[in-house]
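Since the structure comes first, as structure tokens, the remarks are kept for the end.
The values are calculated or read from the model by the stated rules, or taken from the named source; none is laboratory data. The structure presented is a predicted model; accordingly, all values stated were derived computationally and were not measured. Ideal geometry is used to build each Cβ from the backbone, glycine not excepted, and the neighbour counts take in all protein chains shown.
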Amino acid sequence: MKRFLALSRSTHGILDIAMPGFVALLWLGGFPPWPVLLLCLLTAVAGYTAIYALNDLVGVKVDQEKFAGQGINRGYSVEASDMRYPLAQNLISMRGGIAWFLFWYGLTLVGAYQLNPAIVIIVIAVAVLEAIYCLLLKVTYWRTLVSGLVKSAGPIAAVYVVAPDPSLPQLLLLLVWLMLWEIGGQNIPADWNDIDEDRRVGAKTIPLVFGPRRAGMVVVVTLTLTVVISAFLPFMSPLPLGWPYLVASITAGFLLLLLPGFRLHRSHGAGQAAALFDRASLYPLAQLVIILVAVVLT
């Protein structure tokens with residue numbers, strides 16, 4: 001079982017689930033009925049488990065190229081298992097990996113339909129986008145935008161659970177915020193951490209194409225915009241989110257995004273890239289805790 005959980009990057013996936021939870025509470029201003037909450041949780045777990053597995057299934061050949069002869073790199077503390085990339089390491093079979101993906105993806109589709117049939121479209125789209133993202137590794141660094149769309153799918157789906165007819169401008173602002181966080185705090189640092197392996201296979205990533213100085217600047221700009229936009233998220237909520245909430249949210253952005261982002265920009269080191277990835281992975285959890293406190297105290 002550990003090998004299949006490694007295929008789905010379960011530790012990272014659990015942290016990612018906090019973001020849909022935060023978004024749902026923000027938009028609704030409270031907890032949905034317990035049956036809906038439980039179904040949301042099960043669907044989110046299934047969805048993230050399936051999509052992370054799909055990443056390795058589509059990219060297995062490139063992963064085998066990347067780590068041939070050199071072994072698996074250290075990764076990050078949230079993804080530091082020796083069983084990372086189990087397909088590339090032949091720890092599980094392709095047939096087993098496909099069966100694992102189909103099981104969880106099927107559960108995701110069923111859960112999405114029960115919550116809101118419109119979410120099924122998001123579930124199908126995110127699988128297609130994830131496959132496209134993997135296939136673009138050697139084609140263009142613009143794949144980072146696809147990564148942003150993929151990571152945004154869960155939180156956007158959460159909106160449609162609690163607000164079947166959401167405000168389009170607010171939804172677009174949320175999408176931009178999510179994409180900026182993913183690009184600056186997750187995608188670029190992950191590519192930075194894999195820069196030697198990616199260079200070996202001819203990958204086109206922002207750190208490789210633009211070099212560390214420009215890539216570091218992109219990280220700083222995207223994360224700064226993430227924190228700035230987070231100040232406008234309270235307008236999406238029916239809750240009277242005042243200064244305490246705003247200060248807490250911006251502080252979380254400074255500590256988990258901006259501070260490690262500036263450190264990476266200064267040092268250009270892979271270790272700092274991994275540190276940023278780890279800190280940014282905790283950002284959804286921090287936002288969830290902050291909104292939970294606001295909901296309980298309101």
Taking the conditions exactly as written (β-branched (Val, Ile, Thr) and touching a helix residue (DSSP H, G or I) at 6+ places or on another chain (Cβ under 8 Å)), does VAL139 satisfy them or not? no
Which condition from (1) touching a residue at least 40 places away in the same chain (Cβ under 8 Å); (2) surrounded by fewer than 18 Cβ atoms within 10 Å (Cβ to Cβ); (3) of a type outside the set (Val, Ile, Thr); (4) closer than 25 Å to LEU256 by Cβ is the one that ASP196 breaks? (4)
Looking only at the range 20-54, count how many residues are buried (at least 24 other Cβ atoms within 10 Å of the Cβ) and either polar (S, T, N, Q) or not in a helix (DSSP H, G or I) (or both). 2
For the range 276-298, pairs from a residue that is of a type in the set (Ser, Thr, Tyr) and crowded, with 21+ Cβ neighbours inside 10 Å to a residue that is modelled with pLDDT under 95 and not in a helix (DSSP H, G or I), with Cβ under 9 Å and 6 or more apart or across chains, are SER281/TYR76
Among the residues in the range 242-249, are any modelled with pLDDT under 95, in contact with a helix residue (DSSP H, G or I) (Cβ under 9 Å, 6 or more places away or on another chain) and surrounded by 15 or more Cβ atoms within 10 Å (Cβ to Cβ)? no
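To keep it simple, each residue is scored yes or no on (1) at pLDDT below 95; (2) farther than 20 Å from SER8 by Cβ; (3) not hydrophobic (A, V, I, L, M, F, W, C).
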site: ILE92; (1), (2), (3): yes, no, no
site: TRP104; (1), (2), (3): no, no, no
site: VAL123; (1), (2), (3): no, no, no
site: CYS134; (1), (2), (3): yes, no, no
site: ARG143; (1), (2), (3): no, yes, yes
site: VAL146; (1), (2), (3): no, no, no
site: ALA157; (1), (2), (3): no, no, no
site: VAL161; (1), (2), (3): no, yes, no
For residues that are of a type outside the set (Ser, Thr, Tyr) and buried (at least 20 other Cβ atoms within 10 Å of the Cβ), scanning just the range 221-241, find the one that is farthest from TYR160 (Cα to Cα). LEU223
Every residue from the range 191-245 that is out of contact with any Lys or Arg (no Cβ under 8 Å at 6 or more places or on another chain) and acidic (Asp, Glu): ASP191, ASP196
Go through the range 230-258 and count every residue that is touching a residue at least 60 places away in the same chain (Cβ under 8 Å) and over 23 Å from the mean Cα position of the chain (by Cα). 3
LEU87 at pLDDT below 95, crowded, with 19+ Cβ neighbours inside 10 Å and more than 20 Å from the chain's Cα centre (by Cα): yes
Can you pull out the residues in the range 160-193 that are surrounded by 22 or more Cβ atoms within 10 Å (Cβ to Cβ) and farther than 30 Å from LYS66 by Cα? VAL161, LEU174
Among the residues of the range 1-47, the number that are at pLDDT below 85 and not charged (D, E, K, R) is 10
I'd like the full set of residues that are of a type in the set (S, T, N, Q) and either closer than 24 Å to THR108 by Cβ or in a helix (DSSP H, G or I) (or both), limited to the range 138-194. THR144, SER147, SER152, GLN170, GLN186, ASN187, ASN193
